[in-house]
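To keep things clear, I will list the structure first and then write my remarks on it.
The values are calculated or read from the model by the stated rules, or taken from the named source; none is laboratory data. Since the structure is predicted, the reported quantities are computational estimates derived from the model, not experimental observations. Cβ atoms come from the backbone with ideal geometry, glycine included; neighbour counts cover every protein chain shown. With ligands, DNA and RNA removed, areas are computed over all heavy atoms of the protein, side chains included. Shrake-Rupley method; radii C 1.70, N 1.55, O 1.52, S 1.80 Å.
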Amino acid sequence: MKNAARMTLALLAIQFAASWLPACGGARQDVSKTEGSNGLSKEPGLVKPKLNPARLFTSQVDEQNLLLADKKAAKDYLRSKLVSLLVLKLAKLGIDTQQATSLAANGFLDEFKVRGHLEKIPGKGAEAGKTTEKIIFDVKGLLKVRLSDQDLASLGNSLDSLPLSSIEGAKIVSDYIDSFRGLGPEKDQLIALEKKVGNRWAALLEPFLKVQLEVSVKKTQEFKKSLTKSAEALIAFAVPHGKHPAFTKLEKIFTLAALRWLKTIEVKAQNHSQIKARLKELDVLCQGKLPNLPGYLARDLELAWRNRLNQLEGKKVPFPEIKPDFLLFMEDFPRSDFYPELELRFLVRWVDYLQARKAKDLDDLKDFIQEVALLRARFPNFGQMEDVNQTLSAECIDVFTKIEVSNLDQMKQVRKVLNLCNPALKAGMETLAVRKRLDEIEDQLMRKRDDRLERKALKSLTFFVEWDKAIHGLKFGKAAAGWEGKDYFLSKWQTGRDAAEDCRCTLDPDEPCKVFEEDSSHGGFEVVARFYKDKLSGVDLCQVYAGSNLSAIYRFFIRRYKKAHSNRQAAVFLSGAGGEVKFGKSSKRVVYLSCSSGSCSVKYRHGPALAAMQDEERQIRLERQQIKEKARTARIKKGWSIHDCVKWECDPDCLFEGNVIIRKKSRYKITVRRADEDPRAVGNHVWVAQEELYDCQ
């Protein structure tokens with residue numbers, strides 16, 4: 001209400017100033033006495049006093065298309081607007097309305113522009129549909145006020161006279177003083193103001209806090225509400241007057257009330273989370289502005305925990321029942337002065353408990369590890385630490401030897417606890433066996449996960465999984481008789497239809513060929529057994545329609561077999577451009593995957609048999625080449641007779657053809673009958689070395 005009244009008075013004063021400014025006079029130069037057309041004084045340009053920049057206040061107006069009576073009305077509007085805006089800024093300092101209006105009316109004018117322009121204005125009401133030409137105005141101005149030392153002294157006197165009859169009033173005056181401080185006032189005046197307001201505010205705040213905090217703590221909601229109001233009032237005082245002599249006493253009043261509220265929760269392990277929540281509430285309530293409060297609360301809580309432990313010890317309570325309170329004390333108060341006392345009373349009992357402890361499961365083991373870590377941190381020089389570590393190591397080994405892990409998420413938790421066990425685990429065969437077991441379990445779980453993802457990616461081509469497993473069980477290199485074995489492959493093989501002469505994967509009738517899944521969405525496929533020297537050397541899956549699912553098939557094989565092809569070959573294959581990619585080890589089993597036009601074939605080969613076949617083919621090619629070279633040598637030695645038809649420049653097609661007309665040792669003169677690259681040579685005679693000649697047939 002008081003602020004609303006002040007604003008009302010300010011607005012009335014501004015209206016009064018707007019009507020008063022054009023006719024005012026006096027000793028101090030005002031807006032009516034210079035620059036007659038503007039009515040505001042120009043700031044002197046030659047003398048620029050070195051004043052605090054914070055003392056400069058400005059108001060600025062820049063408005064367009066104002067419909068006003070005439071240019072004089074436009075100037076009056078601009079002048080009134082500049083003054084009113086500046087009065088509002090000055091009033092926020094605590095300057096009374098009359099003084100603010102006077103300062104604004106005598107400000108320095110940096111800019112004052114009024115421009116009229118003729119515009120067509122659409123009519124309204126009865127004049128709707130018509131346009132009227134009227135002059136509208138654009139106005140622009142900048143007004144400044146620099147507060148002098150005299151002005152600041154006057155402002156200080158005004159602040160000194162403001163009433164301090166309530167906490168709210170003291171806060172308002174304190175806010176004014178905060179702004180006043182930034183203007184660089186006279187130091188003694190500022191100190192006197194701060195002391196006066198601080199003393200009065202503290203005197204008002206003390207009885208307020210006492211009354212607010214007299215509420216019974218049993219009335220939980222009422223007490224919390226009073227505590228909140230008290231905290232807000234005390235923080236408001238602490239921000240500007242945190243170093244005031246009375247602040248310590250005021251903070252103590254609040255601290256005692258906060259302790260009463262905290263003590264409504266009994267100190268024991270079961271209530272630990274509630275105590276933490278209560279401390280959090282108090283921390284939020286005080287916003288870090290009451291620096292001594294957390295220390296008082298922590299110390300009181302520390303004493304309460306210590307007293308509880310002593311009481312439990314005095315009652316001869318078994319250590320397992322004391323342990324929760326004991327551990328919480330050590331976690332919450334790592335630098336407590338009571339550790340020597342606790343060591344005498346509880347350490348031996350705690351260690352005996354730990355050495356006899358058995359971890360039931362992973363969570364219990366994790367608690368055990370954390371307990372041992374706490375013991376090590378609080379009592380680093382304890383002599384029996386190695387014995388405790390040995391007990392922990394044994395429990396880690398025992399839990400990880402027995403634990404069953406059903407999924408990879410659970411395995412992550414197992415790994416985390418294993419890492420926590422590492423400092424205590426001793427090197428040895430047991431530790432190696434545990435790590436190996438967990439590695440094997442994790443590998444198995446990862447394979448199962450990858451199998452699920454793989455089947456999903458293969459869609460209707462999941463038979464690759466089954467047939468790869470079946471072929472993997474065959475004994476390559478085994479005699480042809482009974483090559484299909486007696487296990488999984490045989491059961492798969494028996495479900496197929498004999499393709500006989502309709503088999504598209506082989507023309508050899510002695511190679512078994514069957515068709516499978518003919519009614520499936522992929523149109524079926526053929527399986528063919530390959531033999532070398534009456535031994536099983538491989539199995540082919542042919543005519544598999546894969547469509548655009550090449551990447552899933554490729555990933556299937558590269559997951560199971562070593563990559564034996566280049567990245568470029570893989571890129572060409574996956575692009576759908578065709579080609580063949582190789583997997584596996586030549587010394588064991590090799591797989592060739594080839595696709596073209598959406599149809600794929602897979603060739604499984606026995607590595608040693610494949611190598612022997614390739615060696616045999618190389619030997620045959622070598623023998624053929626030797627026979628060919630021997631026949632060539634014999635032909636050249638025999639030579640050609642007159643009129644024989646010969647060809648030359650053959651690579652492999654021959655460019656020239658003709659008839660021998662003269663032989664001279666190892667050279668022949670030939671009449672050209674055909675010249676593919678140079679028809680003009682036909683009919684010419686040329687000499688050709690015998691090594692270049694070939695028979696026409």
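Just name the residue that is most open to solvent (accessible area, probe 1.4 Å) out of those in region 499-530 that are farther than 17 Å from W467 by Cα and not in a loop (DSSP other than H, G, I, E, B).
The extreme case among them is E501.
Of the residues in region 544-569, how many are of a type in the set (G, A, S), more than 17 Å from S599 (Cα to Cα) and part of a helix (DSSP H, G or I)?
Qualifying residue count, region 544-569: 0.
Filter region 351-361 for residues that are open to solvent by 30 Å² or more (accessible area, probe 1.4 Å) and touching a helix residue (DSSP H, G or I) at 6+ places or on another chain (Cβ under 6 Å) and give the result.
Those that are open to solvent by 30 Å² or more (accessible area, probe 1.4 Å) and touching a helix residue (DSSP H, G or I) at 6+ places or on another chain (Cβ under 6 Å): Y353, Q355.
May I ask you to list the residues in region 163-176 that are buried (at least 16 other Cβ atoms within 10 Å of the Cβ) and in a loop (DSSP other than H, G, I, E, B)?
The one that is buried (at least 16 other Cβ atoms within 10 Å of the Cβ) and in a loop (DSSP other than H, G, I, E, B): L164.
Could you grab me the full set of residues in region 136-162 that are open to solvent by 50 Å² or more (accessible area, probe 1.4 Å) and either of a type in the set (G, A, S) or closer than 23 Å to G198 by Cβ (or both)?
N157, D160, S161
Taking into account only those residues within region 410-441 that are surrounded by 13 or more Cβ atoms within 10 Å (Cβ to Cβ) and polar (S, T, N, Q), which is nearest to the chain's Cα centre (by Cα)?
Q413
The rows are residues; the columns are (1) open to solvent by 20 Å² or more (accessible area, probe 1.4 Å); (2) more than 30 Å from L204 (Cβ to Cβ); (3) of a type outside the set (G, A, S).
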| position | (1), (2), (3) |
| --- | --- |
| F237 | no, no, yes |
| P245 | yes, no, yes |
| K252 | yes, no, yes |
| A257 | no, no, no |
| L262 | no, no, yes |
| Q274 | yes, yes, yes |
| N292 | yes, no, yes |
| L301 | no, yes, yes |
| R306 | yes, yes, yes |
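Taking region 177-218 only, how many residues are of a type outside the set (V, I, T) and open to solvent by 80 Å² or more (accessible area, probe 1.4 Å)?
11
Scan E266, E232 and give me the residue that is open to solvent by 10 Å² or more (accessible area, probe 1.4 Å), modelled with pLDDT of 90 or more and part of a loop (DSSP other than H, G, I, E, B).
The match here is E266.
Any chance region 667-683 includes a residue that's open to solvent by less than 70 Å² (accessible area, probe 1.4 Å), of a type in the set (A, V, I, L, M), out of contact with any helix residue (DSSP H, G or I) (no Cβ under 7 Å at 6 or more places or on another chain) and touching a residue at least 12 places away in the same chain (Cβ under 8 Å)?
For region 667-683, residues open to solvent by less than 70 Å² (accessible area, probe 1.4 Å), of a type in the set (A, V, I, L, M), out of contact with any helix residue (DSSP H, G or I) (no Cβ under 7 Å at 6 or more places or on another chain) and touching a residue at least 12 places away in the same chain (Cβ under 8 Å): present.
So if I check each of T101, T132, which one is β-branched (V, I, T), open to solvent by less than 40 Å² (accessible area, probe 1.4 Å) and either at negative phi or under 58 Å from the mean Cα position of the chain (by Cα) (or both)?
Matching residue, one of T101, T132: T101.
Being among the small types (G, A, S), assigned to a helix (DSSP H, G or I) and open to solvent by less than 80 Å² (accessible area, probe 1.4 Å), is that true of even one residue in region 366-376?
Yes, region 366-376 contains a residue that is among the small types (G, A, S), assigned to a helix (DSSP H, G or I) and open to solvent by less than 80 Å² (accessible area, probe 1.4 Å).
Would you point out the residue of region 570-598, among those that are modelled with pLDDT under 85 and among the hydroxyl-bearing types (S, T, Y), that is most open to solvent (accessible area, probe 1.4 Å)?
Selected residue: S597.
Does V660 count as among the aliphatic types (A, V, I, L, M), over 21 Å from E580 (Cβ atoms), surrounded by 14 or more Cβ atoms within 10 Å (Cβ to Cβ) and without any contact (Cβ under 8 Å) to a residue 40 or more places away in the chain?
Yes.
Among the residues of region 339-346, is any open to solvent by 20 Å² or more (accessible area, probe 1.4 Å), among the hydrophobic types (A, V, I, L, M, F, W, C) and in contact with a helix residue (DSSP H, G or I) (Cβ under 9 Å, 6 or more places away or on another chain)?
No: zero hits.
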